[in-house]
Amino acid sequence: MSAQVHIGVTLLLLISCFLSSTQCQHRPNILLILVDDLGYNDLDWRDTRLFTPNIRRLAFSENTVQLANSYVNHLCTPTRASLMSGYYPHRTGTEDGVFLQMEMSGVPTDLPFLPQSLKPLGYNTYLIGKWHLGYCKRDFLPTARGFDSFYGYYGPQEGYFNHSASVYNRAIGKHVDGLDLFYEKNGISIPDFTKNGVYSTNLFLQETMRVLDSHPRTNPFFLFLSFQSVHAPLQVPSHYRIHCPFLGHDKKRHIYCAMLAALDEATGQLIAYLKQKQLYENTIIIFTSDNGGDPELGASNFPYRGGKSTIWEGGTKTTTFIHAPSYIQRFAWRNE
Ligand SMILES: *[C@@H]1O[C@H](CO)[C@@H](O)[C@H](O)[C@H]1NC(C)=O
């Protein structure tokens, strides 16, 4: 799938340049929304007990194509490495699985990442949210790989409110907690200790709007919004549960549903923001996930077998669509 998106974006850029030279001077903005561990059945047009109206509106808009046969890798790091590099995981050395917390690994730096390829086209490039592609040396950091700035976390998972990850320390033989939330600019990471208690879905939305507020209008942007949602642990501000009245009997899916409702709200607010700032019309929005959901943790990949970390379709078939108001117009059927 990542190769598909890579090619898809390139094609869209080519087509838009081909159609008119003015469009070429106004290259489209690209907003890549990556949801973490989203199960195939975890949107409200599949499981109607869920609540994702904003994502549904985007997915079924006339200006959307759904990639109905979209496949990803079975785990986070290989999919993200492919998405950024355009190469299969066996070329990026990530076919084994994920980089663990504090693991001294990264994706080989001779493979250029997508934002590096967009820089010569005049793009400003931003990453907000999860990285998970190596951070043991500067060369592996997002700002060394084509992103102008990064705000988010480097590792595989952490608390949604405290932004802390638990790491096994061999020297002392036990787990220790450490903050994983950083601003990064020019290869320098600065920890952000001020966001304890702020739910990451809302935090990353705020940061996205802050970044776009100071984005120079003369340039197009590539913004990679890499949500923590809906990865483990199951955590959500409790008021989102109001959207999930049909799931009270299933504790995990109930929380998971509320996490999705929060994600959906953030997506809706982001679209409203883009419209208000007149950035919407010229933006290509890509929505996808990195692998299937974990059925042990409230997700569902129905009707597919297996889940995250398996190579059944439950782990690898994902929901992907591209919404582009100025570039995609589906044929509208009419009853004449
Ligand atoms: C952060 O939150 C996670 C998830 O609730 C928890 O497991 C961890 O112990 C917390 N860490 C700290 C330092 O409070």
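The values are calculated or read from the model by the stated rules, or taken from the named source; none is laboratory data. As the structure is a prediction and not an experimental result, all values here were calculated from the model. Heads up, the Cβs are rebuilt from the backbone with ideal geometry, glycines too, and the neighbour counts pull from every protein chain shown.
Brief remarks follow.
- When residues in the stretch 281-317 are screened for being under 20 Å from D96 (Cα atoms) and not aliphatic (A, V, I, L, M), 17 of them pass.
- Per-region count, the stretch 210-229, residues touching a residue at least 24 places away in the same chain (Cβ under 8 Å) and β-branched (V, I, T): 1
- Considering I242, I255, the condition of being among the β-branched types (V, I, T) and farther than 28 Å from Y154 by Cβ is satisfied by I242 alone.
- All conditions in (1) farther than 19 Å from Q228 by Cα; (2) modelled with pLDDT of 95 or more; (3) not polar (S, T, N, Q) hold for F331, with the sole exception of (2).
- Residues being closer than 17 Å to Q228 by Cα, out of contact with any Ser or Thr (no Cβ under 7 Å at 6 or more places or on another chain), modelled with pLDDT of 95 or more and more than 16 Å from the ligand (Cβ to nearest atom) are represented in the stretch 129-149 by at least one member.
- Of the criteria (1) of a type in the set (G, A, S); (2) within 16 Å of the ligand (Cβ to nearest atom); (3) in contact with a Gly (Cβ under 9 Å, 6 or more places away or on another chain), which one G197 fails: (3)
- Among the residues of the stretch 61-91, those that are surrounded by fewer than 24 Cβ atoms within 10 Å (Cβ to Cβ) and not in a strand (DSSP E or B) comprise S61, E62, N63, H74, G86, Y87, Y88, P89, H90, R91.
- Residue match in the stretch 119-133 (condition: more than 26 Å from L203 (Cα to Cα), touching a residue at least 60 places away in the same chain (Cβ under 8 Å) and either outside any loop (DSSP other than H, G, I, E, B) or among the β-branched types (V, I, T) (or both)): yes
- The residue that is farthest from N202 (Cα to Cα), among those in the stretch 159-174 that are assigned to a strand (DSSP E or B) and near the ligand (Cβ under 9 Å from one of its atoms), is S166.
- Answer residue from the stretch 274-294, given it is over 18 Å from the mean Cα position of the chain (by Cα) and in a helix (DSSP H, G or I) and is farthest from Y71 (Cα to Cα) among those: Q276
- Test: residue in the stretch 213-228 that is in contact with a Phe, Trp or Tyr (Cβ under 8 Å, 6 or more places away or on another chain), closer than 30 Å to G146 by Cα and either within 16 Å of the ligand (Cβ to nearest atom) or at pLDDT below 95 (or both): yes
- Top-ranked residue in the stretch 231-276 [being among the polar types (S, T, N, Q) and more than 16 Å from the ligand (Cβ to nearest atom); ranked as farthest from F204 (Cα to Cα)]: Q276
- Taken together, L58, L14 contain a single residue that is out of contact with any Asp or Glu (no Cβ under 6 Å at 6 or more places or on another chain) and either at pLDDT 95 or above or surrounded by 22 or more Cβ atoms within 10 Å (Cβ to Cβ) (or both), which is L58.
- In the stretch 189-209, the residue that is surrounded by the most Cβ atoms within 10 Å (Cβ to Cβ) out of those that are touching a residue at least 40 places away in the same chain (Cβ under 8 Å) and more than 16 Å from F224 (Cα to Cα) is Y199.
- The stretch 28-56 - residue that is part of a loop (DSSP other than H, G, I, E, B) and of a type in the set (V, I, T) and, of those, nearest to P325 (Cα to Cα): T52
- Among the criteria (1) more than 17 Å from Q206 (Cα to Cα); (2) touching a Gly at 6+ places or on another chain (Cβ under 8 Å), the one Q228 does not fulfil is (1).
- Selection within the stretch 177-188 - within 15 Å of the ligand (Cβ to nearest atom) and either closer than 26 Å to P78 by Cβ or loosely packed, with under 12 Cβ neighbours inside 10 Å (or both): G178, D180, L181
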